[in-house]
Structures are given as structure tokens and as C-alpha cells.
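Colleague: Take a look at this one; I'll ask things after.
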Amino acid sequence: MTTPGTIIFLNGTTSSGKSSILNHLQPMLAWPFLDAGIDKFIWMLPARYLNERELWDTVLGHAASAGPLGHTLFSGMHHAIAALARAGNHILADHVLVEPIWMQECAMLFHELPAYLIGIRCPLDVIEQRERERADRTLGQARKQYDLVHAHGIYDFEIDSSLATPQACAAQIRDYVLSGAQPTAFRRLYENRTEYSGVRSQASES
């Protein structure tokens, strides 16, 4: 029987530093970890879904909730990560878990796997400054996500990306995983899923 690979799953708002941390973390790890983050799946879409504003909003629902295509895409992402890990691959992934149904699905798929849920936090004013400086994100996106992305409240490990460089944040995550600490967040979320399954996103309430 194949031993499942380890999953290191980073969650935070846009511009919180997830991708930069992931890019530093991947070469720090002795085992080969596949980058199966959110951008990898978004860029699988045909270009017309990326370049036309209305179709982009159909995918990400103005960044605070997803339209039908977004739900289909990210459900595929979650199942693909689980399948890769069950086949013995080690996985790094970053996500913006603004939809409670996404967290429920991840908990269902990952709770029996060696999957670490890492929270990437950052003060809103810092995130918004990064958003303005990047000029490749819709302004206001991070604010819409801010109260949603960490609403489930359970992590194995958390980082404040405003307090250290992406490289230093990556080193902290590596050291935590290599410390032998066992991942429990997805299992706890799975066991407590009725407690957060009723949480609705701001977008779905509007």
C-alpha cells in the first residue's frame, strides 16, 4: 500500500504573502514537493476567462465568493491534491478559503492524510498597501476576503507575514513541519464541521 505524501496547505487573503512564502518553502524541503496552488489551477483556464473582467468575476465572484465555474475549478483542485497525496506525492498548495463549502470539502478530503493547515495572517492595512503596490490585483479584494478567509478559526500553525520576510516565514513553516508535530487541523474541522457549515460568506448574503 502506498504511503500518502505530506500536504502543506497555506491559507490567507490575496496579497498576504502566500505565493512568495511557497516559492521559498519549496526548495527548502528535502523531499520533492509539488506546487499545486490556486494560481496553477486558475492558469489552466483558457485565456479568455482570465482577460475579460466579467468572466474573471464569474470565476471568483468579485473575489469574495465563487461563481459556478469557480466552484467547479476549486473542487477539482481539492480532489486533485488529495489524489496526488494518496498516490505518494508531497504537495504544497496555497488557497483563499473564503467559501465555507471549500473548507468543508478540504476537511472531508484531507482529514485522514498527513495534511498541515497553515494560516498566513497579516494586518489589513499592510495587505492593502501590498495590493496597491502590486497593481495586478483588484483593489478592495483583500478587504472583502479578510473576515472570511480565517473564519473557521483552526490551524496547525500560523504566521504573521508582516513580521518577517517570505524566506523567514517559509523557514518557520519548514521547521514546524520537521519538528515532528502531527497535523490535526483538518481532522478537527472534519469532526466539528456542523459548527462552521452554516457560516455564509458576505457575498452570498448580499
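No value in this document is a laboratory result; all are computed from the given coordinates. Predicted, not measured: the structure shown is a model, and the values here were computed from it. Cβ: placed from backbone, ideal geometry, glycine included. Neighbour counts: every protein chain shown.
Colleague: How high is the relative contact order of segment 100-166, given as a whole-number percent (alpha carbon pairs under 8 Å, six or more residues apart)?
Modeller: Normalised by residue count, the contact order of segment 100-166 is 47 percent.
Colleague: Same structure again: What does the C-alpha gyration tensor say about the overall shape of segment 113-171? Classify as rounded when a/c is under 1.5, otherwise prolate if a/b is larger than b/c, or oblate.
Modeller: Numbers: a/c = 2.26, a/b = 1.42, b/c = 1.59.
Verdict is oblate for segment 113-171.
Colleague: Follow-up. Gain in length, Glu191 to Ala171, computed as 0.36 nm per residue apart minus the alpha-carbon separation, to one decimal in nm? Walk me through the numbers on the way to the answer.
Modeller: Values: separation 20, 0.36 × 20 = 7.20 nm, distance 3.02 nm.
Separation in residues times 0.36 nm, less the Cα-Cα distance, equals 4.2 nm.
Colleague: Starting from the Cα-Cα distance between Gln129 and Ser179, subtract it from 0.36 nm times their residue separation and give me the gain in nm to one decimal.
Modeller: In short, 14.6 nm is gained.
Colleague: Could I ask something else about it? Put a dot 7 Å past each Cα toward the Cβ at Asp35 and Glu112; how far apart are the dots in nm?
Modeller: Distance between the two pseudo-spin positions: 3.2 nm.
Colleague: By how many nm would the segment from Ser162 to Tyr49 lengthen if fully extended, with 0.36 nm per residue of separation less the alpha-carbon distance? The partial results should precede the final answer.
Modeller: Numbers: separation 113, 0.36 × 113 = 40.68 nm, distance 3.22 nm.
Taking 0.36 nm per residue and subtracting the Cα distance, the gain is 37.5 nm.
Colleague: Between Asn23 and Arg143, what is the label-to-label distance in nm when each label sits 7 Å out along the Cα-to-Cβ direction?
Modeller: Rounded to a tenth, the inter-label distance reads 2.7 nm.
Colleague: Please work out the C-alpha center-to-center distance from segment 71-91 to segment 149-169 and express it in whole Å.
Modeller: A separation of 22 Å, based on Cα centres.
Colleague: If you plug each phi of segment 116-125 into the Karplus form 6.51 cos²θ - 1.76 cosθ + 1.60 with θ = phi - 60°, what whole-Hz ³J(HN,Hα) values come out, in order, with x for Gly and Pro?
Modeller: Result, rounded to whole Hz: 8, 9, 10, x, 9, 9, 6, x, 4, 5.
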